[in-house]
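Peer 1: Take this structure first; my questions come after.
The values are calculated or read from the model by the stated rules, or taken from the named source; none is laboratory data. In this text the structure is predicted, and so the values were computed from the model without any measurement. Every residue, glycine among them, receives a Cβ derived from its backbone with ideal geometry; neighbour counts consider all protein chains shown. With ligands, DNA and RNA removed, areas are computed over all heavy atoms of the protein, side chains included. Shrake-Rupley method; radii C 1.70, N 1.55, O 1.52, S 1.80 Å.
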Amino acid sequence: MVIDCHMHVRAAKDGSLDTAYCDATIEAGDLLGIDVFCVSDLQLTGPLTYDEFHGANERVKQAIARHPKRYRGYCYVNPSDPKALDEVKARIKDDGFIGIKLYNQHFIDDDIVAPILQLASDWQIPVLSHAGHPMDPTTQKLQPFISDAAHFVRAVKRFPKLILIHAHLGGGGDWEWALKHLQEAPTVYLDTAGSVIDEWMVDKAVAAIGVERILFATDMTIEGGVGKILDANLTDEQRARVLGGNFAAILDKRAVA
Amino acid sequence: MSKYDSIFGADVIDAHTFIGNWAFRRLRRNDAAGLIAMMDQFGISRSCVASADSILYRDAHEGNKKLYDETRAHPDRFLLYATLNPAYAGWQRDLKECVDLGFKALRLYPIYHGYTLESAECLSIIDAATEAGLPVSFQCRVEDLRQRHWMDVLDNLDPEQVLGIAEQRPEATFILLESILSWPRDSDHWKRMHALPFYVECSRMTSVLGKDIETMVGALGPERVLLGTGFPFKTPSPAFLKLQCLDVDELNKRSIAGGNAQKLFVR
């Protein structure tokens, strides 16, 4: 089974689920051989209120209801919101969401994120966190609290059993810098998503941290996401692990109280 | 045997490849042998190849000479871009040498080479290339700006500016590489581009979700779209997957995969 562990749904102009985009993703999956999309719905700018992330998670729930065999959900929260932990608990226990999605409101190793990470560690559910080491002034200014690989290293030292996924190696930013740091974090997983499809990138990731920690993902760059895995210098068994086996093993760890 | 050649025909031409080094990141398979190995793996009969060295050399023509030496043993596999800097000394002589050596198109990097599209030297080299029968290509970016080396440039080339220059030189043939053109189907940009001999390589665009390649094919016509991988900077399969997923008939897919480049570069 091929699992895209980092994809998104989005809102239509009226705030409801954009069903056309939701269906187009499934169509793309059919064309390119992706069985399951693990999705969140992000608000990319401004502060993230409870109403906003609750609404975003509702849209994920609707997408799952629309294509129950093809979508799995991450619960997206702002960790500094007092209702964040309750939102996570409800989505994981009641709605069957598979994990937690964090964006760039706080560094992943910030104390304010710790209760979320503790719960994820206790329940053995994955935390997919936006990440990057941007080198351009525009991104640096827009995302002052984007976590880079060094933040991830510190987070898993504090929570050694945490299933933490560094998002989109190809999502922009200096991916070689990320790989240098992730060698120091033996429990961090790395997803391959993003619009950067640099030759040699996936092979270098495998060499740096091992094939068992590499997870296939697209983050909306679907042909590029599939293509970079097809071109990687992997055995059939290794490719199957990256394309879905590794993430399926993560989902099997779930131990929700 | 390639997994793609039976789909796209026997004469697949990759309109966007390089040989040479990039100062800010190590590349592999970045010589003629490496490129040919990739081409054989993907069923590409010929590659339009530029010098990666020329982007950052002070004297860009040194990269052209090196490219020629590297590829001269395989004239049946390579079609050469001449990368020149019209703000540098002696470009007229260098262009003539490239034409004499059989280079097929000109490549310009205004941002890397420190001149503007509207400058007199840029217009002069476009005119000279047109006079010599060479199409003029512009690459909108080399690497994603977000991963830029601290000594690399801070901007991408704006496709709208290239379109503006093309309108000033309607007799010239333009090729745009690594652009993201997400204009709506009825945008005036497409109409302006369609009125000119303007070609677009589609490696930065998509056939699914946003479907901007489909929009471009509808607006510009399939005869103006070129397959390109960006190898060895970029991994090749995405370019083929985009063409595979593109909702056009097989004849037009084959044109994009090679027929259009054949008309453009092999004259």
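Peer 1: Which residues, taken from region A:52-66, are of a type outside the set (A, V, I, L, M) and touching a Cys at 6+ places or on another chain (Cβ under 7 Å)?
Peer 2: Listed by number, the residues that qualify are A:ASN57, A:ARG66.
Peer 1: To continue, here is another question. Here's a check for you: in region B:180-189, which residue that is surrounded by fewer than 23 Cβ atoms within 10 Å (Cβ to Cβ) and under 19 Å from the mean Cα position of the chain (by Cα) is nearest to B:LEU227 (Cα to Cα)?
Peer 2: Checking each candidate, the answer is B:ILE180.
Peer 1: Only residues that are at pLDDT 95 or above, among the hydrophobic types (A, V, I, L, M, F, W, C) and either assigned to a loop (DSSP other than H, G, I, E, B) or open to solvent by 30 Å² or more (accessible area, probe 1.4 Å) (or both): list them for region A:180-205, please.
Peer 2: Answer for region A:180-205, where residues must be at pLDDT 95 or above, among the hydrophobic types (A, V, I, L, M, F, W, C) and either assigned to a loop (DSSP other than H, G, I, E, B) or open to solvent by 30 Å² or more (accessible area, probe 1.4 Å) (or both): A:ALA193, A:VAL196, A:ILE197, A:TRP200.
Peer 1: Continuing with the same structure: Out of B:VAL217, B:VAL225, B:VAL200, I need the residue that is closer than 21 Å to B:SER137 by Cβ, open to solvent by 10 Å² or more (accessible area, probe 1.4 Å) and of a type in the set (A, V, I, L, M, F, W, C). Which one?
Peer 2: Only one candidate passes the filter, namely B:VAL217.
Peer 1: Residue by residue through region A:224-257, note down the ones that are β-branched (Val, Ile, Thr) and either in contact with a strand residue (DSSP E or B) (Cβ under 8 Å, 6 or more places away or on another chain) or not in a helix (DSSP H, G or I) (or both).
Peer 2: Once the filter is applied, which keeps residues that are β-branched (Val, Ile, Thr) and either in contact with a strand residue (DSSP E or B) (Cβ under 8 Å, 6 or more places away or on another chain) or not in a helix (DSSP H, G or I) (or both), region A:224-257 yields A:THR235, A:VAL242, A:ILE250, A:VAL256.
Peer 1: Regarding region B:207-220, can at least one residue be identified that is within 13 Å of the chain's Cα centre (by Cα) and over 22 Å from B:PHE42 (Cβ atoms)?
Peer 2: For region B:207-220, residues within 13 Å of the chain's Cα centre (by Cα) and over 22 Å from B:PHE42 (Cβ atoms): absent.
Peer 1: Confirm whether B:PHE18 is assigned to a strand (DSSP E or B) and either of a type in the set (Phe, Trp, Tyr) or open to solvent by 50 Å² or more (accessible area, probe 1.4 Å) (or both).
Peer 2: So B:PHE18 fits the description; yes.
Peer 1: Tell me yes or no: at least one residue of region A:12-29 is at pLDDT 95 or above, out of contact with any Leu (no Cβ under 8 Å at 6 or more places or on another chain), assigned to a helix (DSSP H, G or I) and open to solvent by 60 Å² or more (accessible area, probe 1.4 Å).
Peer 2: Yes, because at least one residue in region A:12-29 is at pLDDT 95 or above, out of contact with any Leu (no Cβ under 8 Å at 6 or more places or on another chain), assigned to a helix (DSSP H, G or I) and open to solvent by 60 Å² or more (accessible area, probe 1.4 Å).
Peer 1: Quick check, is A:SER129 open to solvent by less than 40 Å² (accessible area, probe 1.4 Å), more than 14 Å from chain B (Cβ to nearest Cβ) and over 25 Å from A:ALA232 (Cα atoms)?
Peer 2: In short, no.
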